[in-house]
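Have a look at the structure below, then the notes.
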Amino acid sequence: MEAITIDVVSDVVCPWCYLGKKRLEKAIDNVKGDFAVAVTFRPYQLNPDMPAEGVDHKKHLAEKLGGADAVERAHKMLTGLGHEDGIDFDFPAVKVSPNTLDAHRLLRWAMIESPEIQGRVAMALFKAYFEEGRNVGDREVLLDIAENSGMDRAVVSALFSAGADVDSVKEEIGMARDMGVTGVPCFIIDNKYAVMGAQSVDVLTNAFREIVAVKAKERAADT
């Protein structure tokens, strides 16, 4: 069976990345049985200079988007899109815009456990932030997510305390920027093709099928 790898470059406080993850899952379901898909979440920070304690979410967004009215329009649009993909965005519940470095460290450790656990952690982070209004920059919240996703809470706590993988995650974020990633989500397929943005399920499905067809042709030409 043919196979492709997908590296999902994303940030856990990006609503488009949450939409992208949901649509990716549906696209993978569409090709299930036709070829294998291996997914890895890669780190990106939309706001790398955010203080460790985070900032007021509403104030931060208003400054970023150009006022409260612009924020309200964006949230209304995203809420509608979320309903279509099974996401119950609760933007009023979000109080803090956090620094996401620790969340990305957790995702890195989850991947070491298994792709399945990393996928669970990624979904739990998005859900905690966008549907439950929890601060995903708070280590206790991250430890709860880790434990509920099948990771060892004590081990994760020790890794946080030891400062493990801070430099590695920052380096990986820098590599994504060096590759030209300026917005997320970005789906990098087979380390060769890039699909930018929270594309529709059909666009993702077709992209996967086209890439697999190209690989099959290339393999046939080599034999």
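The values are calculated or read from the model by the stated rules, or taken from the named source; none is laboratory data. All values reported here derive from a predicted model rather than from experimental measurement. Quick reminder, even Gly has a Cβ in these numbers, built from the backbone with ideal geometry, and neighbours come from all protein chains shown. Just so you know, the surface numbers come from the protein's heavy atoms only, side chains and all, with ligands and any DNA or RNA stripped out. Shrake-Rupley method; radii C 1.70, N 1.55, O 1.52, S 1.80 Å.
Taken over region 49-91, residues that are in contact (Cβ under 8 Å) with a residue 40 or more places away in the chain and open to solvent by 30 Å² or more (accessible area, probe 1.4 Å) amount to 9. F208 falls short on exactly one of the conditions (1) open to solvent by less than 50 Å² (accessible area, probe 1.4 Å); (2) closer than 17 Å to R108 by Cβ; (3) out of contact with any Ser or Thr (no Cβ under 7 Å at 6 or more places or on another chain); (4) part of a helix (DSSP H, G or I), and that condition is (2).
Put simply, of K26, K21 the only residue that is touching a residue at least 60 places away in the same chain (Cβ under 8 Å), of a type in the set (K, R) and crowded, with 19+ Cβ neighbours inside 10 Å is K21. Would it be correct to say that V214 is of a type in the set (A, V, I, L, M, F, W, C), open to solvent by 40 Å² or more (accessible area, probe 1.4 Å), closer than 27 Å to R23 by Cβ and free of Cβ contacts under 8 Å to residues at least 24 places away in the same chain? Considered against the rule, which asks whether it is of a type in the set (A, V, I, L, M, F, W, C), open to solvent by 40 Å² or more (accessible area, probe 1.4 Å), closer than 27 Å to R23 by Cβ and free of Cβ contacts under 8 Å to residues at least 24 places away in the same chain, V214 comes out as yes. In the set K59, K21, only one residue is more than 10 Å from the chain's Cα centre (by Cα), of a type in the set (K, R) and modelled with pLDDT of 95 or more; that residue is K59. Residues R209, R177: which one is farther than 25 Å from L46 by Cβ and either out of contact with any helix residue (DSSP H, G or I) (no Cβ under 6 Å at 6 or more places or on another chain) or without any contact (Cβ under 8 Å) to a residue 40 or more places away in the chain (or both)? Residue meeting the stated conditions: R209.
For region 9-17, the count of residues that are open to solvent by less than 10 Å² (accessible area, probe 1.4 Å) and in contact with a strand residue (DSSP E or B) (Cβ under 6 Å, 6 or more places away or on another chain) is nonzero. The criterion of being buried (at least 17 other Cβ atoms within 10 Å of the Cβ) and under 16 Å from the mean Cα position of the chain (by Cα) holds for L106. Within region 115-125, the set of residues being surrounded by fewer than 24 Cβ atoms within 10 Å (Cβ to Cβ) and touching a residue at least 40 places away in the same chain (Cβ under 8 Å) comprises P115, Q118, G119, M123.
Here's the yes/no breakdown for (1) open to solvent by 40 Å² or more (accessible area, probe 1.4 Å); (2) touching a helix residue (DSSP H, G or I) at 6+ places or on another chain (Cβ under 8 Å); (3) modelled with pLDDT of 95 or more; (4) of a type outside the set (D, E, K, R):
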position	(1), (2), (3), (4)
Y129	no, no, yes, yes
G137	no, yes, yes, yes
E147	yes, yes, yes, no
V156	no, yes, yes, yes
F160	no, yes, yes, yes
I173	no, yes, yes, yes
